[in-house]
Amino acid sequence: MNFTKIPFFALLLVALSTSCSESMFVYQQELQNFINNPDYKLIFDQEAKPEIQAIHRDLVNFTELSGFQRAVRSAFLGLDTVVITDKTMPTLYLFVKNLCDKVDIEQPTIFLTTKTVVYNAAAQKLLMSSGAMIISQKLINEFSDSEIEAVIAHEIGHIRHNHINKNLAIFLCFYLILSQTSYQFNKDFCIEHPLLRFFATNWLASLATSFIVNKQFEREADRFSQEHSHSQGLIDFFKKLQQKELKNDIDLAATYQAIQNFSNNYGDKLHFLIRYYLAQAGNYFDKTYRWLYYNTGYGAHPSPAARIKDAEKFIACQKDSATL
């Protein structure tokens, strides 16, 4: 190609758009560098034997965590995770550090999933520990930097507001109350065995706790993310989640059309129609479950639509305050 015939402003526009595109996915590049680093490659090698992967993973984790820390973080370590450091993913590590310094909390341990199928981010701070968070590879690979930062800020919000400890305290209060008042309940429902009584009381205490704190803590963590300039990142993140939830409807419509265009005999067509309607029934079940999860005390998270609305409202309030 003869670049001398291309207008300068066009070349500049291409260069700027490429630079902007790359700058939106710094965390993806860091992840790839981490995975491809010869010192860590076996940790992520899906073709390596699991026991070999585990040895290399634990070599890193044992270096970064004391025995006590590994015991406290056992729930996260049990998910086949590796600790992120300032050497393995420096930009992400620095983002977490700077935000924690800003709100004056101890930096949590950051874990990365070594498997690509896990799709989540979570955080916990138990008692007086520094806390920990887990970030999945899938999350980093499918979202932009601003969306990832909004999610990380949300998780730091959980740590900043001590949600795990508050949840535990509320649960223990309910458990103690129910254990003292559940004699008649256990008698009425013929629950005589001590172990069965324990599980019944535990289940009721968990249910009561979830109806009180679920969604409230998530909104509080969202607000923390919004207050630290990540409202738009949250909006973009939850819009992508909405698209993922709608994907089954789109795929089902395409599948039905493909079956209608199927030209084999009626028996074969009926075979595929039965499979289609079974898939559609499963999709209806998933949508019903999501509605109950989002709109009742059963679920821990508000719906993506509600969280987008909250973030948009926060941005509008910020703009109104700036114009006063």
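Worth pointing out:
- Neighbours by Cβ (under 9 Å, 6+ apart or cross-chain): first from region 288-304, within 17 Å of Glu220 (Cα to Cα); second among the β-branched types (Val, Ile, Thr) and in a helix (DSSP H, G or I): Gly297/Ile212; Ala300/Val213
- Ala153 passes every criterion in (1) in a helix (DSSP H, G or I); (2) among the hydrophobic types (A, V, I, L, M, F, W, C); (3) more than 21 Å from His230 (Cβ to Cβ) apart from (3).
- Residue count, region 305-317 (criterion: open to solvent by 50 Å² or more (accessible area, probe 1.4 Å), farther than 18 Å from Gln216 by Cβ and either free of Cβ contacts under 8 Å to residues at least 24 places away in the same chain or not in a helix (DSSP H, G or I) (or both)): 1
- A residue that is over 11 Å from Ile134 (Cα atoms), out of contact with any Ser or Thr (no Cβ under 7 Å at 6 or more places or on another chain), in a helix (DSSP H, G or I) and not charged (D, E, K, R) cannot be found anywhere in region 75-87.
- Exactly one residue out of Arg290, Arg275 is basic (Lys, Arg) and at pLDDT 95 or above: that is Arg275.
- Only residues that are surrounded by 23 or more Cβ atoms within 10 Å (Cβ to Cβ) and of a type in the set (Ser, Thr, Tyr) were counted in region 115-134, giving 0.
- Complete set of residues in region 135-189 that are modelled with pLDDT of 80 or more, surrounded by 14 or more Cβ atoms within 10 Å (Cβ to Cβ) and among the small types (Gly, Ala, Ser): Ser136, Ser144, Ser146, Ala150, Ala153, Gly157
- Residue in region 296-304 that is open to solvent by 90 Å² or more (accessible area, probe 1.4 Å) and modelled with pLDDT of 90 or more present: no
- Set Phe198, Phe217, Phe238, Phe224: member being under 30 Å from Ile170 (Cα atoms) and at pLDDT below 80: Phe198
- Set Ile177, Ile134: member being in contact with a helix residue (DSSP H, G or I) (Cβ under 7 Å, 6 or more places away or on another chain) and either assigned to a helix (DSSP H, G or I) or not charged (D, E, K, R) (or both): Ile134
- Residue ID - farthest from Asn248 (Cα to Cα), chosen from residues in region 264-290 that are surrounded by 12 or more Cβ atoms within 10 Å (Cβ to Cβ) and polar (S, T, N, Q): Gln280
- Residue list for region 102-123, filter: under 13 Å from the mean Cα position of the chain (by Cα) and part of a strand (DSSP E or B): Phe111, Leu112, Thr113, Ala121, Ala122, Ala123
- Residue within region 6-16 that is small (Gly, Ala, Ser), part of a helix (DSSP H, G or I) and at pLDDT 65 or above present: no
- Residue match in region 226-241 (condition: without any contact (Cβ under 8 Å) to a residue 24 or more places away in the chain, open to solvent by 50 Å² or more (accessible area, probe 1.4 Å), closer than 30 Å to Lys319 by Cβ and outside any helix (DSSP H, G or I)): yes
- Flag set for Asn120, criterion: under 26 Å from Asn37 (Cα atoms) and without any contact (Cβ under 8 Å) to a residue 24 or more places away in the chain.
The values are calculated or read from the model by the stated rules, or taken from the named source; none is laboratory data. Keep in mind the model is a prediction, meaning the values are calculated, not measured. FYI the Cβ positions are ideal-geometry reconstructions off the backbone, even for glycines, and counts take in every protein chain you see. Surface areas here come from the heavy atoms of the whole protein model, side chains and all, with no ligands, DNA or RNA. Shrake-Rupley method; radii C 1.70, N 1.55, O 1.52, S 1.80 Å.
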